[in-house]
Amino acid sequence: MLKNKPLTSRQLQSIQTKSNLFESAVKLMQQHSLEDITIAEICRGANVSVGSFYNYFSTKSDILVEMYEQADGFFDQKFRGLEPSASIQNDIVDYFKIYAEYNLNVGIETIKQLYTCNNKLFIAKGRYMQNVLQALLEKGQAHRQLIDSMSAEEMTEYLFIAARGVIYNWCLHEGGYDLERKMEEYMARLVVVLLKVPTLP
């Protein structure tokens, strides 16, 4: 079997530098919009030269792409550790509780930066997080637990629109309520409309 070679000190330093740039940008986004933040400010916070930024990111917008990739990684780690329950409704609600948890971890000020009409990453197709939910819904349909009048892809979009609404409302209220609890309550009610009603023999 092939074994992964240990990373060299140069590779480890490169990973750390990219992480430092990302963390610097996220920290600045707690106070300012990404549009108002300069690359020089990001690099100053990471203690690297401006030229180093372009070794890892083409533009400031790539910071958002990195944020979404990290969200997928967080989600993968959390969701894979969950044991499927006997209820598809519970599994879907658990999925969105993880989604709420990630948003809480990122912080409300940064989340506010993401919730703009200019952020088209929300509607990008094929992201890992979306694929996981779609696969869960397809499984629910295969087991005749969910309606078949909507495709799994359509249900994925339907549920994400609602979940983003919960988070946007949380932002409007300056994080004034328990996001995980609100997400759990809201999605538990919403998923009911997707459940297949058993037919009488």
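If we keep just the residues of region 4-50 that are among the hydroxyl-bearing types (Ser, Thr, Tyr) and at pLDDT below 85, which is least open to solvent (accessible area, probe 1.4 Å)? I'd like the intermediate steps shown before the answer.
Keep residues of region 4-50 that are among the hydroxyl-bearing types (Ser, Thr, Tyr), which gives 8-9, 14, 17, 19, 24, 33, 38, 49.
Then drop every residue that is not at pLDDT below 85, which leaves 9, 33.
Numbers: 9: 97, 33: 38 Å².
Residue satisfying both the conditions and the ranking: 33.
List the number of the failed condition for residue 152; all other conditions in (1) open to solvent by 30 Å² or more (accessible area, probe 1.4 Å); (2) touching an Asp or Glu at 6+ places or on another chain (Cβ under 8 Å) hold.
Here residue 152 clears every test but (1).
In this structure, is residue 156 part of a helix (DSSP H, G or I) and under 17 Å from residue 68 (Cβ atoms)?
Working: part of a helix (DSSP H, G or I): yes; under 17 Å from residue 68 (Cβ atoms): yes.
In short, yes.
Taking interchain pairs and intrachain pairs at least six residues apart, which have beta carbon atoms under 6 angstrom, with the first residue in region 156-169 and exposed (fewer than 15 other Cβ atoms within 10 Å of the Cβ) and the second not in a helix (DSSP H, G or I)?
Matching pairs, first to second residue: 168/115.
Here are the criteria: (1) assigned to a helix (DSSP H, G or I); (2) at pLDDT below 95; (3) open to solvent by less than 60 Å² (accessible area, probe 1.4 Å). Tell me which single one residue 187 does not satisfy.
(2)
Would you confirm whether or not region 1-24 contains a residue that is within 17 Å of the chain's Cα centre (by Cα), assigned to a helix (DSSP H, G or I) and among the hydrophobic types (A, V, I, L, M, F, W, C)?
Checking region 1-24: at least one residue is within 17 Å of the chain's Cα centre (by Cα), assigned to a helix (DSSP H, G or I) and among the hydrophobic types (A, V, I, L, M, F, W, C).
Can you give me the number of residues within region 133-159 that are charged (D, E, K, R) and in contact with a helix residue (DSSP H, G or I) (Cβ under 7 Å, 6 or more places away or on another chain)? Explain how you work it out, then say what you get.
Our first condition is that a residue be charged (D, E, K, R); within region 133-159, this holds for 138-139, 144, 148, 153-154, 157.
Of the ones still in play, those that are also in contact with a helix residue (DSSP H, G or I) (Cβ under 7 Å, 6 or more places away or on another chain) are 138, 148, 153.
Total meeting the criteria: 3.
Just to be sure I understand the filter: pairs with C-beta atoms under 7 Å, separated by 6 or more residues or on different chains, first member in region 85-98 and closer than 21 Å to residue 167 by Cβ, second member open to solvent by less than 50 Å² (accessible area, probe 1.4 Å) and of a type in the set (Phe, Trp, Tyr). Which pairs pass?
95/79; 98/75; 98/79
Name the residue, out of 131, 119, that is free of Cβ contacts under 8 Å to residues at least 60 places away in the same chain and farther than 22 Å from residue 191 by Cβ.
Numbers: 131 fails: farther than 22 Å from residue 191 by Cβ.
119 is the lone residue from the list that is free of Cβ contacts under 8 Å to residues at least 60 places away in the same chain and farther than 22 Å from residue 191 by Cβ.
When only residues in region 77-112 that are basic (Lys, Arg) and more than 13 Å from the chain's Cα centre (by Cα) count, which is least open to solvent (accessible area, probe 1.4 Å)?
Let us first name the residues in region 77-112 that are basic (Lys, Arg), namely 78, 80, 97, 112.
The next check asks that each one be more than 13 Å from the chain's Cα centre (by Cα); those that pass are 80, 112.
Working: 80: 169, 112: 63 Å².
Applying the filter and picking the extreme gives 112.
Restricting region 52-69 to residues that are part of a helix (DSSP H, G or I) and open to solvent by 50 Å² or more (accessible area, probe 1.4 Å), which is farthest from residue 27 (Cα to Cα)? Even if it seems obvious, please write down each step before you answer.
Quick first cut of region 52-69, residues part of a helix (DSSP H, G or I) only: 52-53, 61-69.
Narrowing the set further to residues that are open to solvent by 50 Å² or more (accessible area, probe 1.4 Å) leaves 61, 65, 69.
On the way: 61: 15, 65: 16, 69: 18 Å.
Top of the filtered list is 69.
Could you tell me how many of the residues in region 1-27 are in contact with a helix residue (DSSP H, G or I) (Cβ under 8 Å, 6 or more places away or on another chain) and farther than 14 Å from residue 67 by Cα?
So the answer is 2.
The values are calculated or read from the model by the stated rules, or taken from the named source; none is laboratory data. The shown structure was predicted, so the numbers you read here are calculated from the model rather than taken from an experiment. Positions of Cβ are generated from backbone atoms using ideal geometry, with glycine treated the same way; all protein chains shown enter the neighbour counts. Heads up: the accessible areas ignore ligands, DNA and RNA and are worked out on the full protein's heavy atoms, side chains in. Shrake-Rupley method; radii C 1.70, N 1.55, O 1.52, S 1.80 Å.
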